[in-house]
Each structure stands twice: as C-alpha cells, then as structure tokens.
Amino acid sequence: MSSAGLPQGTVPKLERPGPLRERVYEALLELITTRALRPGQHLVESELAGHLGVSRQPVREALQRLNTEGWVDLRPAQGAFVHEPAEEEADQLLSVRTLLEAEAARLAAAHSGRPGIEALEELCARGEQAVADDDVDLAVATNAAFHAKVMELAGNVVLSELAAQVDRRVRWYYTPVARQRGTQSWIEHRELIAAIASRDERRATEVMRAHTEHTRQTYHLREQS
C-alpha cells in the first residue's frame, strides 16, 4: 500500500498566521478531492506534515475530522487511508445530485437574465478550451464552477446549501471520468445554456437531468474504458 508520496513542490507550505488547524484540513481535503491523494492511499502523518510545513499535531487533528466526515478511514494498528467509495455509495450521491441540479436548472431558466447567461457562456468556453488543452484539473474546476453558477442563478438559498454539501463529493467522483466525458460534457452544457436562455424550464430540467445521469453512468463504467 503506497503512502502519502506527493511529488515535491506540488503542495505549497502553509503560512503560520491564521487558523492553522482549519487550513491543514482544507489543504488535505483539496488534495483528496482532486485525487492528488488517491482512494486507498496510506496517509502518513510525518510525510504530510513535511509536505505542508507544519507539525504532526494539526495533521493528526485534520485526519480525525476527515475520518468523521467520511473522507479518510482510520484503521486500528494500520493508520489513516483515503476512503475508497463503494459503487453504491457513489451512486446514491450522484443520484441526489441529479435531483438537486435538475431543480436548479429549472429555477435558473425561470429567473436568469442576460448577465447570468453570459457568465455561463464564459465558463463553457473556458471548459471547452481546457478539454482541448487536455488540462483535466482545469476542466474539473471549471465544470464545478459552471454547475455552481447554475445553482447561484436558481436563487434558492436552501437548494444552494444542500448542493454545497455534496459539491466536493461530486468533484471527487467526476475527476476520474473528466477526460472520458470530455467534449460531450460541454456540448451538454451548451444545450443547457440554450434552454436557460430561452426560459424553457422543462427543457432545462430535462437537459440537466440527462447531463448528470451521463456522468453517473460514466462513473460506473470507468473501469471498463
């Protein structure tokens, strides 16, 4: 089982001022979400502390919190490991994501004005360029930003709060299939923009539901590709 093993220079050392415990937690969560730390990877406190430029204590506290939240598994006499999600676990979360995002798309179609549409078009162009450049990290980040913008345009605070709870999990599951989804994902985003711009609530709902379902299905088929 491999350990932390992050390439030198990939993780910036954290500044001392500020809530160090929280910053270590956020740094480790980001590394897990982007799969710089891979599912099943052994997390060695001393190695992580060295990469982040901190003592082992805030790393230990961060790992305990990540364990509580389901990102890390603490195994007796073995240590900490990045959680490996079961297929059913991923399926349940991505199914909930479909419900939330389909409703967000409907509301965005009902409420969005020209500035919102232009913001979506700008993000879509950025994502298309990331795919063309084979920049997976940027494609994943831009995909997340696009969906967050749709959620923002929906204008429902409670819906946004619920979506925020699953956002990082969605990124985690999307990252390994981002290249496979590639151009098609952004074609679907263009279709969604068109539906929102025409204020077609039903079409926007259908496009978003199909779009998120494609991602869910692709995730389950990833090992066969």
Query raised in the report: For residue 154, are the conditions met, namely being under 25 Å from residue 39 (Cβ atoms) and in contact with a Leu (Cβ under 8 Å, 6 or more places away or on another chain)?
Result: no
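A quick yes/no check of all residues on (1) in contact (Cβ under 8 Å) with a residue 40 or more places away in the chain; (2) within 24 Å of residue 29 (Cβ to Cβ); (3) of a type in the set (A, V, I, L, M); (4) surrounded by fewer than 16 Cβ atoms within 10 Å (Cβ to Cβ):
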| residue | (1), (2), (3), (4) |
| --- | --- |
| 119 | no, no, yes, no |
| 149 | no, yes, no, no |
| 157 | no, yes, yes, yes |
| 174 | yes, yes, no, no |
| 195 | yes, no, yes, no |
Of the residues in segment 73-99, those that are basic (Lys, Arg) and open to solvent by 30 Å² or more (accessible area, probe 1.4 Å) number 1
Listed by first then second residue, the pairs whose first member lies in segment 34-59 and is closer than 30 Å to residue 139 by Cβ, whose partner is aliphatic (A, V, I, L, M) and open to solvent by 30 Å² or more (accessible area, probe 1.4 Å), with beta carbons under 9 Å and at least 6 positions apart or on separate chains, are 34/141; 40/1; 41/1; 42/1; 52/14; 53/14
How many residues of segment 33-70 are hydrophobic (A, V, I, L, M, F, W, C), surrounded by fewer than 21 Cβ atoms within 10 Å (Cβ to Cβ) and closer than 20 Å to residue 170 by Cα? The answer is 1
query = Going by the structure shown, is residue 134 in contact (Cβ under 8 Å) with a residue 40 or more places away in the chain, touching a His at 6+ places or on another chain (Cβ under 9 Å) and not aromatic (Phe, Trp, Tyr)?
reply = no
Checking the structure you have, find out if any residue of segment 84-100 is more than 30 Å from residue 199 (Cα to Cα), in a helix (DSSP H, G or I), free of Cβ contacts under 8 Å to residues at least 24 places away in the same chain and in contact with a helix residue (DSSP H, G or I) (Cβ under 7 Å, 6 or more places away or on another chain).
no
Can you confirm whether residue 137 is in contact with a Ser or Thr (Cβ under 8 Å, 6 or more places away or on another chain), open to solvent by 40 Å² or more (accessible area, probe 1.4 Å) and among the charged types (D, E, K, R)?
yes
Inspect segment 117-136 for any residue being assigned to a helix (DSSP H, G or I), under 27 Å from residue 86 (Cβ atoms) and in contact with a helix residue (DSSP H, G or I) (Cβ under 8 Å, 6 or more places away or on another chain) and give the result as yes or no. yes
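The values are calculated or read from the model by the stated rules, or taken from the named source; none is laboratory data. Since we're looking at a predicted model, the values are computed, not measured. In this analysis, Cβ positions are derived from the backbone assuming ideal geometry, glycine residues included, and neighbour counts consider all displayed protein chains. The protein model used for the area step is the full one, side chains on, heavy atoms only, and it has no ligands, DNA or RNA in it. Shrake-Rupley method; radii C 1.70, N 1.55, O 1.52, S 1.80 Å.
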